[in-house]
Amino acid sequence: MAKTEFPKSIISRPVYGELEPRNGTSHLLIADGEGGQAILDVVAKADDGFLDRAHIIFIPKDTKEKYVSKLESLGAKQCYTGPSYEAAVSRIRRVLSDASNGLQIYLAGSEGVMGQAQREAMNVGYPFQSIQTEHRGSKARRMQCVHCKGITEDVITDPFVCSHCGLNLFVRDHYSRRLAAFQGVCIDAEDPGNVPDPVEIL
Amino acid sequence: MGIEFKKETFRGDYTFSNSPEAMKRFPFPFDKDSYMYAVNMEPHTPVREGSVYYNSFDVDEHYVSEMADRAMVLDEDPLRCQSLPHMELHGWDLLELIMVEKAKDYPDLFQLTRDGDKWHWVNKPLGIDDKFTFMDASTLPYGPMEYITRQTQGDFCVLDQREDNLWMDAGMVTTQADWSLDFDIGMNFFEWHAPVPLAHEKGIFVRALKFLLNIQQGAPARRLNWTMTVNPLLDTSPENYHKWGIQKTTLTPENVGKKQHLRVELQTFFRLPRSNGLVFPIRCYLACLEDITKFPKWGRRLHRVIRDLPEELATYKGFIDNRPMILEYLSQFDDGAETSPGVWPED
Amino acid sequence: MSAAKMNVRVTDVVEVNDLVKRFRFERTDGELMPTFSGGAHTVVEMDDNGTRRLNPYSLMSSPTDRSAYTISVRRDDEGRGGSLFLHNHVKAGMEMVISNPVNLFSLDLRGRKHVMIAGGIGITPFLSQIKQLSAANQGNFELHYAVRTPALGSYVDELTSQFPNNVHVYYDDQNQAIDVEGLLSGQPLGTHIYVCGPKGMIDWVLAQATAAGWPENCIHYEEFLAPEPGKPFDVELAVSGKTIHVSEKQSLLEAIEEAGVDAPYLCRGGACGMCETNVIKSDGEFVHNDHWLEEEEHKSGKKIMPCVSRFVGKTLVLDR
């Protein structure tokens, strides 16, 4: 049970891999939900010494206690469990501001959390191409409404209602790393009120 | 050859129109009776005096009104002009390029006097007369890219070149064919073109990128692109799609000739010397079907191109629902006669 | 689509030290030089006793100085002759042809810090990059510069007096070496490293940075390969219908040009990809020396970079 399968899509849609331990002077591992298992898996593959330089940041979401004690007992130099990404983000920024080249970044779990953590790393000059990602768990998307610019988190249907302006939006696969979000566009602009029934996002 | 600048609108009452002189120089984009994506790049060197291909940055009768429309868009939504922090040098490159070229090509309209880094810029049509210090943004009312592109027709994508790719890291985008700078800023060449159907599979973008990465200083290139727009609406942005999308349903057999516009983009590419970046101006020209079909060759050809266009492209370009009505109108101008090769109407 | 050319006059030739001369070019038409970006090069055309040579040299003058371009050339007594021609025959007052600037080694302007590592004449692109950074007050750079001896340290005095806190010089004859490992550790995220020098130095820095876990896109290098001499061979040019002979000291690109066939180029050093040429037919072994093609392309026998690569065998037919 490794990678999540996604349908073939356009080139701007992120592609996720499988985390592999890499050489580095320090290791930052950030995960939410089922991504906890991906961290356990990559640590299991790592050499001795990896954990001495590792910092794990975990947001359990609906996995609740499933991974918390397993991650805490790994013996990483630092291990933090937080209630939400918003709660964890200032810690992530602090870690990145202190880090030096040689840091390896591992992200796992939902697209929303991986995308936002990736954006924090990019903002301090870390090339996104060197960040490893592995999708686990929910296929919910973080969506930007192209009209009002508001972000709607955890979107699981297409179409959906923008949580800010209330327009009916369809879910595009076009993705912005800078916004860490997919694009939502008004679905009934040419035929107001004609909104298809929402279907679950694949 | 003084230009008489028109006072007209691209929204609301839509008073925009082309004079007969403007139609003669309209960049009709089809050189044969069918269309498919191609890299179709050529050197941006002067062709036929008076044509839109003659000067580096074409200025026409719509200049002053287009700039007023841009200012309105920016007042409503400042995110249409953005520049990531490392792009200021590119902005100065662009400002220099446009000022030098416009002053050379239109000395009666634009003047540039340079004494070291003390520059004096006069833009007569817009009534601008500014003295500033080159490379010192605090001496301009806006950043260098915004300053000069508020005075130049067309959208501007300012690209950083690195990692064997081009990155859209700055831009001024208010006359776009339905794409969002705010969303696409920071993307590379393949990513911002991701939604375009068919062309990736044909390897178009791989070849186009190779070409663009090697564009040399002083040797710009150009190509044409096109789509269809109902009403002479410059700002067909995704941001405002929920407002303008409905206009597509106002087309009737009676008004299609006046309301349906062919929208042509003259895309040019210039190397920016100080930053080693690239600027990609996208200049939009609009003409209604009625004006286009006054040229018999263009009328015949446009009918055939629209008729035979693959469904994916008609969908992507947003006129699939209106295609039957457009074809019904255009068919009256197609007598089946042969058309001559090339884009020029009279050849 | 090779770079445009301009006519210039040599207005100054300065002996920097026993091995290096500096040449200054101004336009003969009195116009200003085109602006350029730090790290750019120009291709200098030479008529060496009937042999046409085109060699790339990094521009070392300030990108903001449009009165002239300057280059520094190290004499290579074993080379094919371009540097010897410049050293022995080019004098002030001579007219020459050079190309518009082309940059294949530009700074990543997003960089929060730039660490430059130079070996010997590899200093030249950094001279213009440093001028670009300091003119824009983006002074966050370090230069680590290895030279053989104090006497052969081109521009060491100028650099250390202007940027005493940024420039570090290492002398081989005093057994000083750049501590690459130490240098790479502790650099903040967003630091970019740039290397220009002998192949061994570039390989060493790349290996160390990769081992230390540096992100690939933070590592930049420039290595102009001089075309290596080799056994002579014959080539059929299918498009132009000519058969040409590539002599021992000539590159395939030079032989194509000598036959009057137009072939595009920018760097002539295996890096830019401009001269990439399709192979129509071959029976023999390719000697690929470029940095451009992927390994698979090298193995495929379908493509060659004629600026630096050669062929040994019976038949070679190219799409030119």
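Only the coordinates and a few stated rules stand behind these numbers; no lab work does. As the structure is a computational prediction, the values presented were derived from the model and not from experiment. No Cβ is skipped: glycine too gets one built from the backbone with ideal geometry, and neighbour counts run over all protein chains shown.
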query = More than 27 Å apart: what percent of Cα pairs in chain A qualify?
reply = 32 percent
task = When a/c is below 1.5 the answer is rounded, else prolate if a/b is larger than b/c, else oblate, so apply that to region B:1-54 with a ≥ b ≥ c taken from the square roots of the Cα gyration tensor eigenvalues.
result = oblate
query = Dipole of region C:202-242, Cα-centred, from +1 at each Lys and Arg C-beta and -1 at each Asp and Glu C-beta, to the nearest 20 debye?
reply = 100 debye
ask   = Between A:Ala117, A:Ser73, A:Val95, whose Cα lies farthest towards the positive end of the dipole of region A:26-135 when Lys and Arg beta carbons carry +1 and Asp and Glu beta carbons carry -1, centred on the Cα centre?
value = A:Val95
inquiry  = How large is the translational diffusion coefficient of region B:71-194 in µm² per second when you combine the Kirkwood radius over alpha carbon pairs with Stokes-Einstein at 25 °C and 0.890 mPa s?
reply    = 160 µm²/s
ask   = Amide H of C:Arg27: which non-local residues (sequence gap of 5 or more, or other chain) have their own amide H closer than 5 Å, using H built in the peptide plane?
value = C:Arg9
inquiry  = Among A:Pro127, A:Asn168, A:Ile156, which residue has its Cα furthest toward the positive end of the charge dipole of region A:108-196, with +1 on Lys/Arg Cβ and -1 on Asp/Glu Cβ?
reply    = A:Pro127
inquiry  = Test of understanding: what is the full-extension gain from C:Val97 to C:Val317, defined as 0.36 nm times their sequence separation minus their Cα-Cα distance?
reply    = 76.0 nm
remark   = Across 10 Å bins beginning at 0, the whole-percent shares of Cα-Cα pair distances in region C:281-320 come to 31, 62, 7
ask   = Which one of C:Leu107, C:His87, A:Asn23 is farthest out on the positive end of the charge dipole of the protein assembly as shown, using unit charges on Cβ (Lys, Arg +1; Asp, Glu -1) and the Cα centre as origin?
value = C:His87
query = Once you charge only the Cβ atoms, +1 for Lys and Arg and -1 for Asp and Glu, what is the size of the charge dipole of the protein assembly as shown about its Cα centre, to the nearest 20 debye?
reply = 240 debye
ask   = How compact and how long is region A:26-135, expressed as Rg and Dmax of its alpha-carbon atoms in Å?
value = 12.5, 34
query = What ranking do C:His291, C:His220 get, fewest neighbouring Cβ atoms within 10 angstrom at the top?
reply = C:His291, C:His220
request  = Step through the residues of region B:306-319 one at a time and calculate ³J(HN,Hα) from phi using the Karplus curve (6.51 cos²θ - 1.76 cosθ + 1.60, θ = phi - 60°), rounding each to whole Hz and writing x for Gly and Pro.
outcome  = 5, 4, 9, 5, x, 4, 4, 6, 5, 5, 4, 7, x, 10
message = Looking at region C:233-318, I'd like the Rg to Rh ratio, where Rg is from alpha-carbon atoms and Rh is Kirkwood's inverse mean 1/r.
response = 0.91
ask   = Quick one, what does Rg over Rh come out to for chain B if you take C-alpha atoms and the Kirkwood Rh?
value = 0.95
query = What residues of region C:23-50 lie in the reach of a label at C:Gln162, counting those whose backbone N is under 12 Å from a point 7 Å from the Cα along Cα→Cβ?
reply = none
ask   = Applying the Karplus parametrisation 6.51 cos²θ - 1.76 cosθ + 1.60 with θ = phi - 60° to the phi angles of region A:186-202, what ³J(HN,Hα) value in whole Hz is obtained for each residue in order, glycine and proline being reported as x?
value = 3, 8, 10, 4, 8, 8, x, x, 8, 10, x, 5, x, 10, 5, 6, 9
task = Distance check, please: which entries in C:Lys231/C:Lys314; B:Lys202/C:Lys281; B:Lys248/B:Lys294; C:Lys5/C:Lys303; B:Lys6/B:Lys297 exceed 19 angstrom between their Cα atoms?
result = B:Lys202/C:Lys281; B:Lys248/B:Lys294; C:Lys5/C:Lys303; B:Lys6/B:Lys297
inquiry  = Give me C:Ser106, A:Ser90 sorted ascending by neighbouring Cβ count inside 10 Å, so fewest comes first.
reply    = A:Ser90, C:Ser106
message = Strictly greater than 25 Å: what percent of every Cα pair in region C:144-293 meets that?
response = 49 percent
Highest-fluctuation residue, C:Ala238, C:Ala40, C:Ala271 considered, GNM on chain C with Cα pairs under 10 Å = C:Ala238
message = Based on Cα coordinates alone, diagonalise the gyration tensor for region C:220-266, multiply each eigenvalue by 5, take square roots, and list the semi-axes in whole Å, largest first.
response = 22, 15, 8
request  = If a cysteine in chain A has no other Cys Cβ under 4.7 Å from its own Cβ, put it on the list, ordered by number.
outcome  = A:Cys79, A:Cys186
request  = Would you work out the relative contact order for chain A, in percent, from Cα pairs under 8 angstrom that are 6 or more residues apart?
outcome  = 21 percent
request  = Please report, in whole Å, how far the alpha carbons of region C:113-222 spread along each principal axis, starting with the longest.
outcome  = 36, 34, 23
key: Alpha-carbon gyration tensor eigenvalues x 5, square-rooted, for region B:296-347, Å   = 22, 13, 8
request  = Give the Rg (one decimal place) followed by the Dmax (whole number) of region A:99-202, computed from C-alpha coordinates and expressed in Å.
outcome  = 15.6, 53
Value of [θ]222 nm, deg cm²/dmol, for chain A, DSSP H segments ≥ 4, -39500 (n - 2.57) each, nearest 500 = -6500 deg cm²/dmol
ask   = What percent do you get for the relative contact order of region B:111-203 when only Cα pairs under 8 Å and 6+ apart count?
value = 14 percent
inquiry  = Once R0 is set to 30 Å, what does the formula 1/(1 + (r/R0)^6) return for the Cβ-Cβ distance between B:Thr113 and C:Lys5, expressed as a FRET efficiency to the nearest 0.05?
reply    = 0.50
ask   = Seen from all sides and averaged, what is the projected area of the convex hull of the Cα atoms in chain C, in nm²?
value = 17.1 nm²
remark   = Which residues qualify? For A:Gly82, with a placed amide H closer than 5 Å and at least 5 residues away or on another chain, they are A:Phe58, A:Ile59
task = Mind pulling up the Rg/Rh value for region B:37-137? Radius of gyration and Kirkwood radius, both on Cα.
result = 0.99
query = What does the convex hull of the alpha-carbon atoms of the protein assembly as shown project to on average, in nm²?
reply = 39.8 nm²
remark   = On each of the three principal axes the extent of the alpha-carbon atoms of region C:1-116, given in whole Å and largest first, is 47, 34, 29
request  = Compute log10 of I(q)/I(0) for region B:239-284 with the Debye formula, placing one identical point scatterer on every Cα and leaving out solvent, at q = 0.31 Å⁻¹, to two decimals.
outcome  = -1.03
key: Charge dipole (debye, nearest 20) of chain C; +1 at Cβ of Lys and Arg, -1 at Cβ of Asp and Glu   = 460 debye
ask   = Which whole-number percent is the relative contact order of region A:26-135 (Cα, under 8 Å, 6+ apart)?
value = 34 percent
request  = In whole Å, largest first, what are the principal axis extents of the Cα atoms in region A:141-200?
outcome  = 32, 23, 18
task = Show that you can apply the helix-only estimate: for chain B, add -39,500 (n - 2.57) for every DSSP H stretch of four or more residues, divide by all residues, and state [θ] at 222 nm to the nearest 500.
result = -7500 deg cm²/dmol
